[in-house]
1. Output the helices (runs of 4 or more DSSP H) that fall wholly within the range 221-301 and possess 2 or more residues being at pLDDT 95 or above and over 27 Å from the mean Cα position of the chain (by Cα), or say none.
2. Go through the range 11-123 and tell me which helices (runs of 4 or more DSSP H), entirely inside it, have 1 or more residues that are under 30 Å from residue 222 (Cβ atoms).
3. Could you list, in sequence order, the residues of the range 406-423 that are surrounded by fewer than 19 Cβ atoms within 10 Å (Cβ to Cβ) and either in contact with a helix residue (DSSP H, G or I) (Cβ under 7 Å, 6 or more places away or on another chain) or farther than 23 Å from residue 101 by Cα (or both)?
4. Considering only residues of the range 405-445 that are assigned to a loop (DSSP other than H, G, I, E, B) and modelled with pLDDT under 90, which is nearest to residue 314 (Cα to Cα)?
5. Which residue, of 256, 272, 231, is buried (at least 21 other Cβ atoms within 10 Å of the Cβ) and either in contact with a strand residue (DSSP E or B) (Cβ under 8 Å, 6 or more places away or on another chain) or over 27 Å from residue 412 (Cα atoms) (or both)?
6. Looking at (1) farther than 28 Å from residue 197 by Cβ; (2) touching a residue at least 24 places away in the same chain (Cβ under 8 Å), which is the one condition that is false for residue 9?
């Protein structure tokens, strides 16, 4: 198990081994660090370091893919590691400051103010519409029709998010929202890994496109917030909770700009993570009819009625399927921090100013940690097997103080949606592979085709 004790004299530890890959392969792995972390690990080990440019352009990079490395980077106070890297500053500049990208001193009052938004009782209310949205989505398909699972899951998660969280019908905004979020976050991700960047004052085509996308997101968030303030009876639980949120230490509310910024990051993280998890789960079940039938049998016990959050404790195997999907396709495929001081990472000294990256995708597929790691096997997450895992071996929502605040909401939504879909339809996957991209969180790269049959 992971040890929490950090050696006092970090200075005596060796530096991580230099990654031996040629520059071109290191650069390619960095641009695709969600899956590239596997390439870097295979060449340089579970903790490896390298440079892409002189230190005055980009910090040295250390990639950790071991449970101990995850712990040593993520489970640190801000005096050791901080969100100071270009990815976070680029995101703040484009879409605004939020719980995900703020540095500690600004993040802490936001976290205290919004913590109550994601209590179990409130989250259960948020998720009430998820099963209904799933019913609407799958009932639109007749016997033998083919569909893009990614498009279907995006549509149903945005529909549920709009109705249960923002208090409006997002159906007419689905295409615009998906495009704007992809453009904005893709620009941030690409720019943050470039050794040489165009200055911020230069209106490049990519920057103009990204700023227009961010403006559309802010306009929609502002409209939702204004309508909620104008109509106190409007049912928009997340927006109401953000309006009512107070820092318990100071009593200070969030400003309208802060509320809009949190709404935007929730639009992205709150639907994209769930959508990808659902899409991968359905694609995997479409290749494993025995597992799919086991989920269907579990759902059949409810007699065909619409599922509710109170049913989730009786959907344990469905939850295991989702855990296995999150292992193989974790939306948070990699996370990063900048070291403020020298720290110990799995027995190596990582120097101050380093970009410390945790390769969650690579760790979740590490053959030294998982038997047959590429096999889709939900029984890995049976209660007895789950209990045997190292706490830091499985991190679908990150870890430490800055782990995902909405993880319970995401799991609740995904469980209700997956159970509803499989309870009503049989999925046959038509694509043998599940290609991925990383505009911000891990998403399918292109359509994921499947044939849908009515379950009898």
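The values are calculated or read from the model by the stated rules, or taken from the named source; none is laboratory data. What you are looking at is a predicted structure, and each value in this text was computed from that prediction instead of being measured. Neighbour counts are summed over all protein chains in view; Cβ atoms, including those assigned to glycine, are modelled from backbone coordinates with ideal geometry.
1. Correct list: 289-300.
2. 86-95, 104-114
3. Hit for the range 406-423 is 408, nothing else.
4. Within the range 405-445, the match that is nearest to residue 314 (Cα to Cα) is 406.
5. 272
6. (2)
The rows are residues; the columns are (1) touching a residue at least 24 places away in the same chain (Cβ under 8 Å); (2) touching a helix residue (DSSP H, G or I) at 6+ places or on another chain (Cβ under 9 Å); (3) under 30 Å from residue 284 (Cα atoms).
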position	(1), (2), (3)
155	no, yes, yes
160	yes, yes, yes
167	yes, yes, no
176	yes, yes, yes
179	yes, yes, yes
186	yes, yes, yes
191	yes, yes, no
197	no, yes, no
201	no, no, no
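So that you can scan it fast, the table gives a plain yes or no per residue for (1) touching a residue at least 12 places away in the same chain (Cβ under 8 Å); (2) out of contact with any strand residue (DSSP E or B) (no Cβ under 7 Å at 6 or more places or on another chain); (3) buried (at least 23 other Cβ atoms within 10 Å of the Cβ):
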| site | (1), (2), (3) |
| --- | --- |
| 74 | yes, no, no |
| 79 | yes, yes, no |
| 119 | no, yes, no |
| 138 | yes, no, no |
